[in-house]
Amino acid sequence: MKIGFIGCGNMGGALAKRCASAGHQVMLSSRHKEKSEACAKECGENGSAGTVADAVEFGDVIFLAVPYSEVTAALKSAGDLKGKTLVDITNALTPDFSGLSVGFSTSAAEEIAKLAPDGKVVKAFNTLFAQVVANPQFKDGKAGVFVASDDADAKRKVMELSSDIGFEAYDAGPLKNARLIEPLGMLNIALGYHLGMGTDIAFKLMKR
(Lines give C-alpha, C1' and ligand atoms only; values in the text may rest on other atoms or scores of the structure.)
Protein backbone atom coordinates (compact mmCIF):
# COMPACT_ATOMS: atom_id res chain seq x y z
CA MET A 1 0.00 0.00 0.00
CA LYS A 2 1.19 3.55 -0.70
CA ILE A 3 0.78 5.81 2.32
CA GLY A 4 1.25 9.58 2.48
CA PHE A 5 1.90 11.51 5.67
CA ILE A 6 0.97 15.13 6.28
CA GLY A 7 3.27 15.84 9.20
CA CYS A 8 6.15 13.82 10.59
CA GLY A 9 6.30 14.65 14.28
CA ASN A 10 6.41 12.03 17.02
CA MET A 11 3.21 10.28 15.94
CA GLY A 12 3.55 10.74 12.20
CA GLY A 13 7.14 9.58 12.26
CA ALA A 14 6.38 6.57 14.44
CA LEU A 15 3.47 5.51 12.22
CA ALA A 16 5.52 5.99 9.06
CA LYS A 17 8.34 3.80 10.38
CA ARG A 18 5.81 1.20 11.50
CA CYS A 19 4.19 1.13 8.05
CA ALA A 20 7.52 1.06 6.23
CA SER A 21 8.79 -1.80 8.35
CA ALA A 22 5.65 -3.76 7.41
CA GLY A 23 6.54 -3.38 3.74
CA HIS A 24 4.38 -0.40 2.80
CA GLN A 25 5.75 2.52 0.77
CA VAL A 26 5.52 5.82 2.62
CA MET A 27 6.04 9.45 1.64
CA LEU A 28 6.48 12.03 4.36
CA SER A 29 5.84 15.75 4.22
CA SER A 30 6.38 18.62 6.62
CA ARG A 31 6.63 22.38 6.69
CA HIS A 32 10.36 21.79 7.08
CA LYS A 33 11.88 19.86 4.18
CA GLU A 34 14.89 18.69 6.17
CA LYS A 35 12.63 17.16 8.83
CA SER A 36 10.61 15.07 6.37
CA GLU A 37 13.79 13.99 4.58
CA ALA A 38 15.36 12.88 7.87
CA CYS A 39 12.25 10.92 8.81
CA ALA A 40 12.08 9.32 5.36
CA LYS A 41 15.68 8.19 5.80
CA GLU A 42 14.72 6.51 9.09
CA CYS A 43 12.04 4.58 7.17
CA GLY A 44 14.68 2.91 5.00
CA GLU A 45 14.18 1.88 1.40
CA ASN A 46 10.38 2.18 1.67
CA GLY A 47 10.57 5.84 2.71
CA SER A 48 10.61 9.02 0.64
CA ALA A 49 9.89 12.71 1.20
CA GLY A 50 8.06 15.43 -0.68
CA THR A 51 5.68 18.34 -0.32
CA VAL A 52 2.26 17.93 1.28
CA ALA A 53 0.69 17.85 -2.20
CA ASP A 54 3.25 15.22 -3.27
CA ALA A 55 2.40 13.01 -0.30
CA VAL A 56 -1.33 13.29 -0.99
CA GLU A 57 -0.90 12.46 -4.68
CA PHE A 58 1.36 9.51 -3.77
CA GLY A 59 -0.78 7.87 -1.11
CA ASP A 60 -3.84 5.67 -1.34
CA VAL A 61 -4.15 6.33 2.39
CA ILE A 62 -3.17 9.71 3.86
CA PHE A 63 -2.37 10.25 7.54
CA LEU A 64 -3.20 13.72 8.85
CA ALA A 65 -0.56 13.91 11.58
CA VAL A 66 -0.29 17.59 12.48
CA PRO A 67 -1.55 19.41 15.59
CA TYR A 68 -5.25 20.22 15.26
CA SER A 69 -4.43 23.94 15.22
CA GLU A 70 -2.49 23.39 11.97
CA VAL A 71 -5.10 21.27 10.19
CA THR A 72 -6.68 24.05 8.11
CA ALA A 73 -3.34 25.25 6.74
CA ALA A 74 -2.19 21.68 6.07
CA LEU A 75 -5.32 20.80 4.12
CA LYS A 76 -5.02 23.97 2.04
CA SER A 77 -1.62 22.66 0.92
CA ALA A 78 -2.89 19.14 0.27
CA GLY A 79 -4.26 19.53 -3.24
CA ASP A 80 -6.82 17.08 -4.55
CA LEU A 81 -8.12 14.68 -1.87
CA LYS A 82 -10.87 13.23 -4.06
CA GLY A 83 -11.25 9.53 -3.33
CA LYS A 84 -8.39 9.53 -0.82
CA THR A 85 -8.70 7.84 2.57
CA LEU A 86 -7.77 10.56 5.06
CA VAL A 87 -6.88 9.23 8.52
CA ASP A 88 -7.37 11.84 11.23
CA ILE A 89 -5.14 11.04 14.22
CA THR A 90 -5.54 14.44 15.87
CA ASN A 91 -6.66 15.37 19.35
CA ALA A 92 -8.11 18.88 19.50
CA LEU A 93 -6.48 19.99 22.76
CA THR A 94 -6.73 23.24 24.68
CA PRO A 95 -3.46 25.23 24.82
CA ASP A 96 -2.68 23.94 28.33
CA PHE A 97 -3.48 20.31 27.37
CA SER A 98 -6.11 20.14 30.11
CA GLY A 99 -9.05 19.22 27.88
CA LEU A 100 -10.56 19.13 24.41
CA SER A 101 -11.29 22.33 22.49
CA VAL A 102 -13.84 20.52 20.28
CA GLY A 103 -16.26 17.92 21.43
CA PHE A 104 -19.58 16.22 22.20
CA SER A 105 -21.85 18.09 19.74
CA THR A 106 -19.21 17.64 17.04
CA SER A 107 -15.65 16.31 16.82
CA ALA A 108 -12.30 17.20 15.30
CA ALA A 109 -12.87 14.44 12.73
CA GLU A 110 -16.25 15.83 11.68
CA GLU A 111 -14.83 19.33 11.36
CA ILE A 112 -11.98 17.95 9.24
CA ALA A 113 -14.55 16.20 7.04
CA LYS A 114 -16.12 19.61 6.41
CA LEU A 115 -12.73 21.00 5.38
CA ALA A 116 -12.02 18.02 3.13
CA PRO A 117 -15.42 17.07 1.65
CA ASP A 118 -13.85 15.09 -1.23
CA GLY A 119 -11.82 12.88 1.11
CA LYS A 120 -12.95 9.78 2.96
CA VAL A 121 -12.25 10.75 6.57
CA VAL A 122 -11.44 8.04 9.10
CA LYS A 123 -10.81 8.63 12.81
CA ALA A 124 -8.11 6.35 14.22
CA PHE A 125 -4.85 6.18 16.22
CA ASN A 126 -5.62 9.24 18.37
CA THR A 127 -5.78 7.15 21.57
CA LEU A 128 -2.14 6.05 21.31
CA PHE A 129 1.19 7.48 22.37
CA ALA A 130 4.09 7.39 19.89
CA GLN A 131 5.97 5.03 22.22
CA VAL A 132 3.16 2.49 21.85
CA VAL A 133 3.03 2.95 18.08
CA ALA A 134 6.71 1.98 18.00
CA ASN A 135 5.88 -1.23 19.91
CA PRO A 136 2.16 -2.11 20.16
CA GLN A 137 2.71 -5.55 21.70
CA PHE A 138 2.02 -5.89 25.45
CA LYS A 139 2.16 -9.02 27.59
CA ASP A 140 -1.66 -9.09 27.59
CA GLY A 141 -1.97 -8.62 23.83
CA LYS A 142 -1.87 -5.89 21.21
CA ALA A 143 -2.80 -2.25 21.76
CA GLY A 144 -6.24 -1.40 20.38
CA VAL A 145 -7.14 1.06 17.63
CA PHE A 146 -10.70 2.42 17.42
CA VAL A 147 -11.66 3.13 13.80
CA ALA A 148 -14.68 5.26 12.85
CA SER A 149 -15.83 6.40 9.41
CA ASP A 150 -18.91 6.90 7.28
CA ASP A 151 -17.17 5.21 4.35
CA ALA A 152 -17.10 1.41 4.63
CA ASP A 153 -14.23 0.92 2.17
CA ALA A 154 -12.03 3.53 3.82
CA LYS A 155 -12.72 2.05 7.24
CA ARG A 156 -11.85 -1.43 5.96
CA LYS A 157 -8.54 -0.18 4.56
CA VAL A 158 -7.56 1.47 7.83
CA MET A 159 -8.58 -1.53 9.91
CA GLU A 160 -6.56 -3.84 7.67
CA LEU A 161 -3.57 -1.50 7.82
CA SER A 162 -3.90 -1.26 11.62
CA SER A 163 -3.79 -5.04 11.92
CA ASP A 164 -0.95 -5.28 9.44
CA ILE A 165 1.29 -3.00 11.52
CA GLY A 166 0.61 -4.81 14.78
CA PHE A 167 -2.55 -3.42 16.38
CA GLU A 168 -5.94 -4.88 17.21
CA ALA A 169 -8.47 -2.87 15.23
CA TYR A 170 -12.04 -2.24 16.41
CA ASP A 171 -14.90 -1.03 14.21
CA ALA A 172 -16.15 1.99 16.14
CA GLY A 173 -19.03 2.83 13.81
CA PRO A 174 -19.78 6.06 11.93
CA LEU A 175 -17.61 9.17 11.97
CA LYS A 176 -19.83 10.90 14.53
CA ASN A 177 -18.54 8.36 17.05
CA ALA A 178 -15.30 10.32 16.96
CA ARG A 179 -17.17 12.40 19.56
CA LEU A 180 -16.64 9.42 21.86
CA ILE A 181 -13.19 8.33 20.65
CA GLU A 182 -11.61 11.77 21.03
CA PRO A 183 -12.44 12.03 24.78
CA LEU A 184 -10.82 8.60 25.11
CA GLY A 185 -7.70 10.12 23.60
CA MET A 186 -7.91 12.90 26.19
CA LEU A 187 -8.26 10.30 28.96
CA ASN A 188 -5.11 8.59 27.67
CA ILE A 189 -3.23 11.89 27.87
CA ALA A 190 -4.57 12.55 31.37
CA LEU A 191 -3.56 9.09 32.57
CA GLY A 192 -0.15 9.28 30.96
CA TYR A 193 0.89 12.80 31.90
CA HIS A 194 -1.35 14.25 34.61
CA LEU A 195 -1.74 11.04 36.64
CA GLY A 196 1.78 9.81 36.15
CA MET A 197 1.22 6.50 34.35
CA GLY A 198 3.66 7.41 31.59
CA THR A 199 3.39 6.92 27.86
CA ASP A 200 3.81 3.15 27.69
CA ILE A 201 0.08 2.53 28.18
CA ALA A 202 -2.77 1.69 25.81
CA PHE A 203 -6.43 0.75 25.71
CA LYS A 204 -7.61 -2.74 24.78
CA LEU A 205 -11.21 -3.87 24.34
CA MET A 206 -11.94 -7.09 26.25
CA LYS A 207 -14.46 -9.44 24.61
CA ARG A 208 -15.93 -12.63 26.05
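From Cα pairs below 8 angstrom and at least 6 apart in sequence, can you work out the relative contact order of segment 1-119, rounded to a whole percent?
Values: 234 pairs, mean separation 28.4, N = 119.
About 24 percent, as a whole number.
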The answer for GLY99, listing residues at least 5 apart or on another chain whose modeled amide H is closer than 5 Å to its amide H, is THR94
Of the accessible area of segment 94-205, computed with a 1.4 Å probe and all protein chains kept, carbon and sulfur make up a percent value of 57
CD proxy, 222 nm, the chain: helix-only mean residue ellipticity via -39,500 (n - 2.57) per DSSP H run with n ≥ 4, per residue, nearest 500, stands at -10000 deg cm²/dmol
Percent relative contact order for the chain, counting Cα pairs under 8 Å at least six residues apart, stands at 18
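Calculate, for the chain, the solvent-accessible area per residue in square angstrom, rolling a 1.4 angstrom probe over the heavy atoms of the protein chains. Can you show the working numbers first?
Numbers: 9920 Å² over 208 residues.
Solvent-accessible surface per residue comes out at 48 Å².
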Taking the dipole of segment 36-97 about the Cα centre (Lys, Arg +1; Asp, Glu -1; charges at Cβ), the one of PHE58, GLY44, LEU75 that reaches farthest to the positive side is LEU75
Here the cysteines of the chain without any disulfide-compatible Cβ partner under 4.7 Å are CYS19, CYS43
In the structure shown, of LYS17/LYS142; LYS123/LYS157; LYS84/LYS204; LYS2/LYS41; LYS120/LYS176, the pairs separated by more than 21 angstrom at the C-alpha atoms are LYS84/LYS204
In the chain, whole DSSP H helices that both stretch 15 Å or further along their axis by alpha carbon positions and average at least -1.0 on the Kyte-Doolittle scale are 10-21, 152-164, 178-189
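The values are calculated or read from the model by the stated rules, or taken from the named source; none is laboratory data. These figures come from a predicted structure and were not determined experimentally. A quick note on method: Cβ atoms are made from the backbone with ideal geometry, for glycine too, and the neighbour counts reach across all protein chains shown. Surface accessibility is based on the protein's heavy atoms, side chains included, excluding ligands, DNA and RNA. Shrake-Rupley method; radii C 1.70, N 1.55, O 1.52, S 1.80 Å.
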